[in-house]
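Below is one structure; the comments refer to it alone.
The values are calculated or read from the model by the stated rules, or taken from the named source; none is laboratory data. This is a predicted model, so every value here is computed, not measured. A quick note on method: Cβ atoms are made from the backbone with ideal geometry, for glycine too, and the neighbour counts reach across all protein chains shown.
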Amino acid sequence: MGRPNKPRRGSLAYSPRKRSESPVARFASWPEIQGEPKIQGFAGYKAGMTHAVIKDYRKHSTTAGQEVSVPVTVIEVPPMKIAAVRFYKDTPYGLQTATEIWADNLDEELGRKITLSKEKKKPDFSQIKPENIDEVRVLAYTQPKTVTGVPKKKPEIMELRIGGGDIKKRIEYAKKILGNEVKINDFTKEGQMVDVAAITKGKGFQGHIKRWGVKLLFHKNSKHRRMIGTLGPHFPSYVTFRVPQAGQMGYHQRTEYNKRILKIGEDGKEITPSGGFLNYGVVRNGYVLIHGSVPGPVKRLVRLRDPVRKSKPVDKVDIVYVSTESKQGA
């Protein structure tokens, strides 16, 4: 008789499942792009979800060209400000910081996050030589005080890569945006794909069954049912990491690839449901509609990046209707 076999319960690809160190997600890599220089990332706050009726843009879909209802996520994207420019040199040990230049007009709120210098030095790019630079990135920070649903004043600061063009053009672009605001339109446009990263909803300490999805033990099992049947073999004489056990669940960083930007809007009130988004309120700034769901709960910071996997942009998604019905009874 053949030996019964079944796949293990719960993926080990995300191990160890511990809490994220920071509520701000991080990107480990950035794709190379063509065209004029631009920032390759942005950030916003998740306001909630609704649904929209669009003309199906997927050519090979069975409903291509027809009106279909799709779930959409609303992300509020107020302008971000550029605090500094960092220049990197590529070495055998990876990228190493060559130098950085800070703006002289930083907001006082940024002092809640980092220590600001009292000296106001005018940015000097005269010492920067393109032949000695391999990578140009900027330090950008959010403006949560302009957002209704996020009760905080301390901004988040993150690094964004500048891609496109040659190094000389990237330096000129960084010089132009240093100390100024950048908007979502400076990063992407409607119909493009983006990668989305955020910290998932935290669920605290959970048991074997919920955390890993293992089966309940037999109903006549002694003492407990919601546990695993064995901690492993006698040798090796320790419990391996492959054994499903209770522990932290949620509040992990997750990155989702190739999410479609359906719409970029300037007035958030046109997308806000009656009574506001549940646990968030009214969207006051610009917003983006993303096809499908994104990680994290409402109010969570969501980071966007140019897609690292090959994707096909569309010219524009024809949106027929976006629901603004009240979500308070949901």
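Some points to look at:
- Matching residues in segment 174-221 - criterion: being in a helix (DSSP H, G or I) and either in contact with a strand residue (DSSP E or B) (Cβ under 6 Å, 6 or more places away or on another chain) or of a type in the set (D, E, K, R) (or both): 174, 175, 176, 177, 184, 186, 210, 211
- Extreme residue, nearest to residue 111 (Cα to Cα), among residues of segment 155-166 that are modelled with pLDDT of 95 or more and surrounded by 15 or more Cβ atoms within 10 Å (Cβ to Cβ): 155
- For residue 35, the requirement of being part of a loop (DSSP other than H, G, I, E, B) and touching a helix residue (DSSP H, G or I) at 6+ places or on another chain (Cβ under 7 Å) is not met.
- Filtered residues of segment 221-244 (kept if surrounded by 15 or more Cβ atoms within 10 Å (Cβ to Cβ) and either touching a Leu at 6+ places or on another chain (Cβ under 8 Å) or without any contact (Cβ under 8 Å) to a residue 60 or more places away in the chain (or both)): 227, 228
- In this entry, residue 250 is excluded by the filter for residues that are surrounded by 13 or more Cβ atoms within 10 Å (Cβ to Cβ), closer than 17 Å to residue 288 by Cβ and without any contact (Cβ under 8 Å) to a residue 60 or more places away in the chain.
- Condition check for residue 121: exposed (fewer than 12 other Cβ atoms within 10 Å of the Cβ) and either more than 30 Å from residue 296 (Cβ to Cβ) or out of contact with any Ser or Thr (no Cβ under 9 Å at 6 or more places or on another chain) (or both): yes
- Among the residues of segment 115-151, the ones that are over 30 Å from residue 74 (Cβ atoms) and in a loop (DSSP other than H, G, I, E, B) come to 17 in all.
- Residue pairs whose Cβ atoms lie under 7 Å apart, separated by 6 or more positions or on different chains, with the first residue in segment 51-65 and within 18 Å of residue 293 (Cβ to Cβ) and the second acidic (Asp, Glu) and assigned to a loop (DSSP other than H, G, I, E, B), are 54/318.
- Pairs linking a residue in segment 100-123 that is on the phi > 0 side of the Ramachandran plot to a residue that is part of a loop (DSSP other than H, G, I, E, B) and loosely packed, with under 10 Cβ neighbours inside 10 Å, with Cβ atoms under 8 Å and 6 or more positions apart or on different chains, do not occur.
- Meets criteria (outside any loop (DSSP other than H, G, I, E, B), in contact with a Phe, Trp or Tyr (Cβ under 6 Å, 6 or more places away or on another chain) and at pLDDT 95 or above) for residue 53: yes
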